[in-house]
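Q: One structure, as C-alpha cells, below. Some questions next.
The values are calculated or read from the model by the stated rules, or taken from the named source; none is laboratory data. Only a predicted model underlies this, so the values are computations on that prediction, with no experimental measurement involved. Ideal geometry is used to build each Cβ from the backbone, glycine not excepted, and the neighbour counts take in all protein chains shown. In case anyone asks, the SASA skips ligands and DNA or RNA and just uses the protein heavy atoms, side chains included. Shrake-Rupley method; radii C 1.70, N 1.55, O 1.52, S 1.80 Å.
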Amino acid sequence: MRQIDHFLPNRPAGDATGRTHNVWNPSTGEVQAEVALGGADLLESAVETARSVQPEWAATNPQKRARVMFKFKELIEANMQELAELLSSEHGKVIDDAKGDVQRGLEVIEYACGIPQVLKGEYTQGAGPGIDVYSMRQPLGIGAGITPFNFPAMIPMWMFGMAIAAGNAFILKPSERDPSVPVRLAELFVEAGAPEGLLQVVHGDKEMVDAILDHPAISAVSFVGSSDIAHYVYKRGVAAGKRVQAMGGAKNHGIVMPDADLDQVVNDLSGAAFGSAGERCMALPVVVPVGEDTAKRLRDKLIPAIEALRIGVSSDPDAHYGPVVTPEHKARIEGWIDTAEQEGAEIVVDGRGFSLQGHEDGFFVGPTLIDRVTPQMKSYQEEIFGPVLQIVRADDFEHAVRLPSEHQYGNGVAIFTRNGHAAREFAARVNVGMVGINVPIPVPVSYHSFGGWKRSGFGDIDQYGTEGLRFWTKLKKVTQRWPDGTADADNKDAFIIPTMG
C-alpha cells in the first residue's frame, strides 16, 4: 500500500496520530494509497518552521522572489504530464481536463511572477506643507489554505502563489481524497529555489482544520469547499482574529434566450454540465430556457447530445468524463436524482446504475437530464455536484433574472443570447458574483479575481489577482516630514488636529 506523507522539513518526535485516510482509484474502485492524518502537534511543528523562514523571505526583494516563481512555472510546465496523470489517478477526471486544472493554477503563478510591479505602493508628494504621504504593502506572516478535492492543483496554486510571492510563508491542508498533487507541487517549489519550510503540506481532517483556525500565529486562512463548512471556517477563523476568505457551494444557472444559437448552447452545456463529472463549483447544472418554445427546442437537441457522451476511465483519451471521486459521492449524487424524481421532476435521461464494462467497481455516474424542475424542489435548492443537468423553465426575461438572483448560492451564472441589450441588462441586474455572456464557465483570468456572492462566498476579498494581493498583505500608511529645525512654531498648534490645508 502506497503511503502519502506530509511535506515538512522538520518532523516532531512522536507526531504520528496513527490515523490514515483511504485514497481511492475512482476508475477501479480500489484503494490505492493511504494518507497520514496529522493533528495539532504536527501543525505546531509546521508553524515553528514557517516562523523561522518567513522573515528572511519577506526581506528578500520582490525581484528575487519573482525569480523563484518563474522557475516554479518552468518546472510545472516541464512536469505537466506527470502532474496530470497523478491528478487523474486520484480524482478521476480525464487527463486533458487534469491538465486544464494545472494550467488554470499556473496562470496565477504567472501573475505572481509580476509581483515587483503589483506590490508597488502609492506616493503623494506635498500632501501638506513639507509633508509627503506614502503606502506600502507588507506580508501578514504565515498564511494557510484549506483546499477541496475537485481542483487539487489549481486552487492550491491560487492561494499559495499569491501569498508566498507577497512575502508570506504558507501551510497547505489539501483534501485527503486526492493529496498527492499538492505534495508534488511543494516538492517542485523547493526545486525552484524556495527555502525549505516556506511551503509546507499537512494532511488531516476536521482536527487539522480546527487547529489551523485556532492557531494564533496563522494570520489568514483561505478556504474552498461546501457552503456549510465555509461558513463554519469563516466564523471560527474570524472569532480567532484571523483574516478569512471562504468560498462555498454553487448552483450556477445558464439562461437561454429565444434568440440563442441552440447548437452552440448544447455544445457549451454538454461540457459545462458534465465535464469533470460535474464536480466543479463553476459547473452549469441548471439550464433556464426562456419560453416554452425555447424549452422544447433545447430539450430536443439536448437529449441526443447527452446520450452521445462517452464515459470512461480517467486515462481514456476518448472519454468526455470519468468517474466521480469516491463511492460515497457516487451514492450522494444518485440520491439527489432519487429526490428529484420523488419531488415530481421528470427524469429524461437517467444516469443511475451506470456500469462501465471491465470497470464495474468504478465510481461512475451516467449523464442525467431532469426536466420540469421548480424552485420549490430541494434538488434545485441544493448543490448536487455531479453529472446532472436540471431544466427550470422561465416564463420571460424577468423570471429568468429572478431565478439565480433569489437562489441561496450566487457563484456563477451565464446567459446565452444574440441580443446585446438583454445581455447587458442581465449582467447589471443579476445578483451573482461571476457572469458569463455566451461563456458557460465564467472563471475570470488570473489578473482579475474569483469569488461568489451570498452562500457561495464568506469574507470581503476575492481570490487571486489584485484582490488576492490585498488579502495576503496589510497596507501600511506613512505620513512624513523633515523639518529643518528653524521653524518658529506656536506650541498651541500641537493641540489641534493636523490638517493639510
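Q: If the requirement is being more than 17 Å from D96 (Cα to Cα), over 26 Å from the mean Cα position of the chain (by Cα), modelled with pLDDT of 95 or more and surrounded by fewer than 21 Cβ atoms within 10 Å (Cβ to Cβ), which of these qualifies: A305, A239, A260? Even if it seems obvious, please write down each step before you answer.
A: Working: A239 fails: over 26 Å from the mean Cα position of the chain (by Cα); A260 fails: surrounded by fewer than 21 Cβ atoms within 10 Å (Cβ to Cβ).
Only one candidate passes the filter, namely A305.
Q: Return only the number of the condition from (1) surrounded by 15 or more Cβ atoms within 10 Å (Cβ to Cβ); (2) assigned to a helix (DSSP H, G or I) that K93 does not satisfy.
A: The failed condition is (2).
Q: Within the group V443, V435, which residue is part of a loop (DSSP other than H, G, I, E, B) and modelled with pLDDT of 95 or more? Spell out the reasoning first.
A: Details: V435 fails: part of a loop (DSSP other than H, G, I, E, B).
Checking each option against the conditions leaves just V443.
Residue by residue, here is whether (1) modelled with pLDDT under 95; (2) in a helix (DSSP H, G or I); (3) open to solvent by less than 10 Å² (accessible area, probe 1.4 Å); (4) farther than 28 Å from L86 by Cα holds:
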{"residue": "V288", "(1), (2), (3), (4)": "no, no, yes, yes"}
{"residue": "D318", "(1), (2), (3), (4)": "no, no, no, no"}
{"residue": "E334", "(1), (2), (3), (4)": "no, yes, no, no"}
{"residue": "G344", "(1), (2), (3), (4)": "no, no, no, yes"}
{"residue": "G353", "(1), (2), (3), (4)": "no, no, no, no"}
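Q: So which residues in the range 52-77 are loosely packed, with under 14 Cβ neighbours inside 10 Å and closer than 27 Å to W24 by Cα, if there are any at all?
A: E77, the sole residue that qualifies.
Q: Exactly one condition in (1) closer than 30 Å to S405 by Cβ; (2) of a type in the set (F, W, Y); (3) buried (at least 22 other Cβ atoms within 10 Å of the Cβ) is not met by F189; state its number.
A: (1)
Q: Are there any pairs, at least 6 apart or on different chains, whose C-beta atoms fall under 6 Å, with the first in the range 95-114 and under 30 Å from N61 (Cβ atoms) and the second hydroxyl-bearing (S, T, Y) and surrounded by fewer than 19 Cβ atoms within 10 Å (Cβ to Cβ), and if so, which?
A: Pairs that qualify, where the first residue is under 30 Å from N61 (Cβ atoms) and the partner is hydroxyl-bearing (S, T, Y) and surrounded by fewer than 19 Cβ atoms within 10 Å (Cβ to Cβ), are Y111/Y447.
Q: For residues in the range 371-430 being aliphatic (A, V, I, L, M) and without any contact (Cβ under 8 Å) to a residue 24 or more places away in the chain, which is least open to solvent (accessible area, probe 1.4 Å)? I'd like the intermediate steps shown before the answer.
A: Let us first name the residues in the range 371-430 that are aliphatic (A, V, I, L, M), namely 373, 377, 384, 388-389, 391-392, 394, 400-401, 403, 413-415, 422-423, 427-428, 430.
Cutting the leftovers down to without any contact (Cβ under 8 Å) to a residue 24 or more places away in the chain gives us 423, 427-428.
Working: A423: 8, A427: 43, A428: 84 Å².
The extreme case among them is A423.
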